[in-house]
Ligand code: MRU
């Protein structure tokens, strides 16, 4: 991977950008120690960056893949039509399968390729197809920002004044290439003067909570404390947690939620202690083709990530590990899902079907409200769907 450093141009919270020279990403592997930008000039480099978590978070990898295809299409646009299409299709397949769990990745790749495919009947040349790919990738990016903004405002109805909020992994601006979902909502509530504070799960094995969520909260000036993952139950048992909010990588039609490993344990603890457990995700994270979470493919990563901490082995030679990167939280443990189309309350299967039937949200479409303050158990009005 070409590792040019370029801090200029990217906003503080902008983790992915499409430039004339390639896809620029903030290398999340190095945070919080170093803020280094990588300029990736081929789809293969973006595949590597996604696999190695240089860019991570479900919506952000979707945006990165869309940008990668757009740049690849331009790079290949000097070729003959057949060769161009064959090579672009190969890049699309490699990007689509770089990581299996977050549906946003396949969704974004399919959207860009679909846009080209739709135009194929009118026989466009590679250069026109490359322009279409770029247009679609930028549309995905813009829509992503809009979806985040709607999530942030809908989520306010679930966050009472002074709430002590627990979150897991990182679902902030870094993870969405936008404003964030679960963590974005927390930062937004802070800026709205809600007086919130945050328990940040460190999120082993790769410490997205300790490294990235803490970094984003520090920058935003939100009060927080980092805890190890095994402290959550203790804090809940002492009444020190008012709600949990996490992001998602894929949500099935019945409301089962795949998210970072450890999310399920938190949801079980939250239910046991009567703490509301909320999920925040854009519609690009819904996969209503899957009837339940059982069908979600869970990524298994290298054992080394568990056997070592920040690259340093902590286990004896010969130790083996398991490393499922995600788990599935059953819908019955989810108090509500905050989407860009409003807040969904149980029964989630019905709420998700209604949301899907409502079509894509557009600014000012009147869906959801986000203005009202709901009850803790989710009976509030506002953006109810
Ligand atoms: O393996 P990661 O770091 O990509 O996992 C990310 C998560 O699990 C996030 O919670 C999820 O993608 C939502 S990001 C808004």
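The values are calculated or read from the model by the stated rules, or taken from the named source; none is laboratory data. Everything numeric here is computed off the predicted structure, so don't read it as measured data. Positions of Cβ are backbone-derived with ideal geometry, glycine not excepted, and every protein chain shown enters the neighbour counts.
Brief remarks on what is shown
- Every listed requirement among (1) more than 24 Å from residue 27 (Cα to Cα); (2) in the same structural domain as residue 32 (by TED's automatic domain parsing) is met by residue 134 save one, (1).
- Residue match in region 65-79 (condition: buried (at least 24 other Cβ atoms within 10 Å of the Cβ), within 15 Å of the ligand (Cβ to nearest atom), under 18 Å from residue 93 (Cα atoms) and assigned by TED's automatic domain parsing to the domain that holds residue 100): yes
- For region 310-325, filtered to residues that are out of contact with any helix residue (DSSP H, G or I) (no Cβ under 7 Å at 6 or more places or on another chain) and in contact (Cβ under 8 Å) with a residue 60 or more places away in the chain, the residue that is farthest from the ligand (Cβ to nearest atom) is 310.
- Here 130, 137, 91 are screened, and the one residue that is buried (at least 23 other Cβ atoms within 10 Å of the Cβ) and either without any contact (Cβ under 8 Å) to a residue 24 or more places away in the chain or in contact with a strand residue (DSSP E or B) (Cβ under 7 Å, 6 or more places away or on another chain) (or both) is 137.
- Residue 25 passes every criterion in (1) surrounded by fewer than 24 Cβ atoms within 10 Å (Cβ to Cβ); (2) at pLDDT 95 or above apart from (1).
- Strands (runs of 3 or more DSSP E) fully within region 269-353 that include at least 1 residues being under 28 Å from residue 234 (Cβ atoms): 277-280, 326-329, 336-339.
- Candidates are the residues of region 248-266 that are assigned to a loop (DSSP other than H, G, I, E, B) and within 9 Å of the ligand (Cβ to nearest atom); the one that is surrounded by the most Cβ atoms within 10 Å (Cβ to Cβ) is 249.
- For region 230-247, taking the residues that are more than 16 Å from the ligand (Cβ to nearest atom) and part of a loop (DSSP other than H, G, I, E, B), the one that is farthest from residue 104 (Cα to Cα) is identified as 238.
- Residue check, residue 52 out of contact with any helix residue (DSSP H, G or I) (no Cβ under 8 Å at 6 or more places or on another chain) and either more than 16 Å from the ligand (Cβ to nearest atom) or without any contact (Cβ under 8 Å) to a residue 12 or more places away in the chain (or both): no
- Test result for residue 269, more than 12 Å from the ligand (Cβ to nearest atom) and buried (at least 22 other Cβ atoms within 10 Å of the Cβ): no
- Complete set of residues in region 167-197 that are more than 8 Å from the ligand (Cβ to nearest atom), surrounded by 24 or more Cβ atoms within 10 Å (Cβ to Cβ) and assigned to a loop (DSSP other than H, G, I, E, B): 177, 178, 196
- Count of region 359-385 residues, restricted to those that are out of contact with any strand residue (DSSP E or B) (no Cβ under 9 Å at 6 or more places or on another chain) and modelled with pLDDT of 50 or more, is 2.
- Every condition in (1) surrounded by fewer than 24 Cβ atoms within 10 Å (Cβ to Cβ); (2) within 12 Å of the ligand (Cβ to nearest atom) is met by residue 274 except one, and the failing one is (2).
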